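S.K.: Quick one: the structure is below, questions incoming.
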Amino acid sequence: MTWAQLMIFLVIVAFALLMGGFWIAASLGLAGILGLFVSGSGHIVSAIANIVWNTVNDFTLTAIPLFLFMGDIILVSGLSNNFYRGIAKFLKRIPGGLLHSNIVACAIFAAISGSSVATAAGIGSVAIPVMKERNYKREHIYGSLAAGGTLGILIPPSIPLVIYGSLTSTSVVKLFVAAMTPGLFLAGLYLLFLVVNSFIDKKGYAQVKKDDEFENISWKSALVGVFPMFLLVGLIFGSIYTGYATPTEAAGIGSFIAIVVGKIFGKLKFKQIWDAAKSSVKTTSMIVFIMLGAQIFTYVLTSTGASRAMVSWLTALGLSKWVFLIIVYIIYIFLGCFMDGNSMQFLTLPILFPVLMEYGFNPIWFGIVLVVLIELGQVTPPMGMNLFVINGIDKTSTLKEIIVGVIPYVFIMILMVAILTFFPNLVLFSVT
């Protein structure tokens, strides 16, 4: 069997299993095992035991459950509620009103949770009732929250960046450092759009009621609301960027501090800590099993020489590096409509990453661009997870309203990919 036949076989089997309702982990793992046998390499199937052991013993991955746990603690303790109201006190007078609070709150919450869904849920559950009471246009509310939630996987800590670092042997610390400026830049583009849109869609903002509630909040109460979150962000980034802690150690410290501030400033009880732990374990288990399946899939490509042959074939085609990069962008935009970001990484990086490196692209730069493309997938139908999160929070909403609201942000994310492509130093200046 040639390398091309093997690649076609693996892709067809994996997608057939996925369409048949199999779990992603099982689809990738079974496709890989079958690929070993049809390629005549069934005698090395015992190596899968070593793959499983080496994968689950990757120290880098221990940051994932800790960051997830920290984000869940913030959610269940009620700190996100106090935080949103504090942020709203500071930002309500800017053109666009409380919509700015959605973006800024998501950006800061992103620096704790590492998850797009958790960010959208944590801020959305507080913001939607508050903004609906004040007659903000529903599309504006839903779009800002769904898009703001995507910052959860770009602004560090980021679960997809941890996974990318593990799959590509790229420094997670450097990825975190490199992601900070693009993350803040994208948040700034969202805020700029809200200011401009407040002048364009004057009718949509004319119905907004004046805000007495946030005027009555004292500056002291507002500061108390935002202090715990800024404390966590400062401890996490300070410890990582100064070199005093690895991402895993910072996540452990952050989890402990989250429990302390959740008890002091929030309403954290033991049962809520237990529920947060169970939620983070479930999510981590899902990610690890998908990674195991993907590593088996990757092993087939490397052990049979298919990946090396494919890299040689693609480079021999004579495509310019930019044409190939555009093809990669289109692939990820398409897959983002149907798959979650982590699954996309597991499925595509073993194939595409070696070719990208052969073309001379910087692995840190591409990791950040990839996360922006994953963000795009979080808000594009039919499988955009943030769309369903917002729809689940507000039962009166419709997917049509949410999609209409998020469309401008989709174009902003595409613009962000273009900016990073033409100005890679926006990513690399902090790590070179």
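S.K.: Which ones in the range 21-58 are over 14 Å from Gly293 (Cα atoms) and at pLDDT below 75?
M.R.: Here is the first cut: in the range 21-58, the ones over 14 Å from Gly293 (Cα atoms) are 21, 37-44, 46, 57-58.
Gly40, Ser41, Gly42, His43, Ile44, Ser46, Asn57, Asp58, listed by residue number.
S.K.: Could I ask something else about it? If I filter the range 307-354 down to residues being of a type in the set (Gly, Ala, Ser) and within 18 Å of Leu167 (Cα to Cα), which single residue comes out as modelled with the lowest pLDDT?
M.R.: Ser307
S.K.: Also, quick follow-up: Within the range 143-163, is there a residue that is on the phi < 0 side of the Ramachandran plot, touching a residue at least 12 places away in the same chain (Cβ under 8 Å) and open to solvent by 20 Å² or more (accessible area, probe 1.4 Å)?
M.R.: no
S.K.: Six or more apart or on different chains, Cβ under 6 Å: which pairs go from a residue in the range 77-98 that's of a type in the set (A, V, I, L, M) to one that's in a loop (DSSP other than H, G, I, E, B) and buried (at least 24 other Cβ atoms within 10 Å of the Cβ)? Could you list them?
M.R.: These pairs meet every condition: Ala88/Leu98.
S.K.: Say we look at the range 377-391 and pick out the residues that are at pLDDT below 85 and not in a helix (DSSP H, G or I); which of these is least open to solvent (accessible area, probe 1.4 Å)?
M.R.: Among those that are at pLDDT below 85 and not in a helix (DSSP H, G or I), it is Gly384.
S.K.: Please enumerate the residues belonging to the range 337-357 that are buried (at least 18 other Cβ atoms within 10 Å of the Cβ) and outside any helix (DSSP H, G or I).
M.R.: Residues satisfying the conditions are Met339, Asp340.
S.K.: Confirm whether Phe334 is surrounded by fewer than 18 Cβ atoms within 10 Å (Cβ to Cβ) and assigned to a helix (DSSP H, G or I).
M.R.: Details: surrounded by fewer than 18 Cβ atoms within 10 Å (Cβ to Cβ): yes; assigned to a helix (DSSP H, G or I): yes.
Answer is yes for this residue.
S.K.: Please determine whether any residue of the range 312-325 is assigned to a helix (DSSP H, G or I) and touching a Pro at 6+ places or on another chain (Cβ under 6 Å).
M.R.: Taking the range 312-325 as the starting set, the residues that turn out to be assigned to a helix (DSSP H, G or I) are 312-316, 321-325.
Pick out the ones that are also touching a Pro at 6+ places or on another chain (Cβ under 6 Å) and you get none.
Among the residues of the range 312-325, not one is assigned to a helix (DSSP H, G or I) and touching a Pro at 6+ places or on another chain (Cβ under 6 Å), which makes the answer no.
S.K.: I would also like to ask the following. When you look at Ile374, is it part of a helix (DSSP H, G or I), in contact (Cβ under 8 Å) with a residue 24 or more places away in the chain and open to solvent by 20 Å² or more (accessible area, probe 1.4 Å), yes or no?
M.R.: On the way: part of a helix (DSSP H, G or I): yes; in contact (Cβ under 8 Å) with a residue 24 or more places away in the chain: yes; open to solvent by 20 Å² or more (accessible area, probe 1.4 Å): no.
No; evaluated as a whole, the condition is false for this residue.
S.K.: Just to verify a result, which residue in the range 93-129, among those that are surrounded by fewer than 20 Cβ atoms within 10 Å (Cβ to Cβ) and within 24 Å of Lys202 (Cα to Cα), is modelled with the highest pLDDT? Write out each step before concluding.
M.R.: So the first thing to find is which residues in the range 93-129 are surrounded by fewer than 20 Cβ atoms within 10 Å (Cβ to Cβ), and the list is 93-95, 125, 129.
Filter again for within 24 Å of Lys202 (Cα to Cα), leaving 93-95, 129.
Working: Arg93: 70, Ile94: 74, Pro95: 73, Pro129: 81.
Filtering first and then ranking leaves Pro129.
S.K.: Further question: For the range 392-407, enumerate the residues that are buried (at least 18 other Cβ atoms within 10 Å of the Cβ) and not hydrophobic (A, V, I, L, M, F, W, C). Write out each step before concluding.
M.R.: Taking the range 392-407 as the starting set, the residues that turn out to be buried (at least 18 other Cβ atoms within 10 Å of the Cβ) are 393-394, 397, 401-403, 405-406.
Listed by number, the residues that qualify are Asp394, Ser397, Glu401, Gly405.
S.K.: Restricting to the range 236-258, count the residues that are open to solvent by 50 Å² or more (accessible area, probe 1.4 Å) and either aliphatic (A, V, I, L, M) or more than 26 Å from Val172 (Cβ to Cβ) (or both).
M.R.: Result for the range 236-258: 1.
The values are calculated or read from the model by the stated rules, or taken from the named source; none is laboratory data. Here the structure is a predicted model, which is why all the values come from computation and not from measurement. As a convention, Cβ positions derive from the backbone with ideal geometry for all residues, glycine included, and neighbour counts pool all protein chains shown. Areas reflect the complete protein model, heavy atoms only, side chains present, ligands, DNA and RNA absent. Shrake-Rupley method; radii C 1.70, N 1.55, O 1.52, S 1.80 Å.
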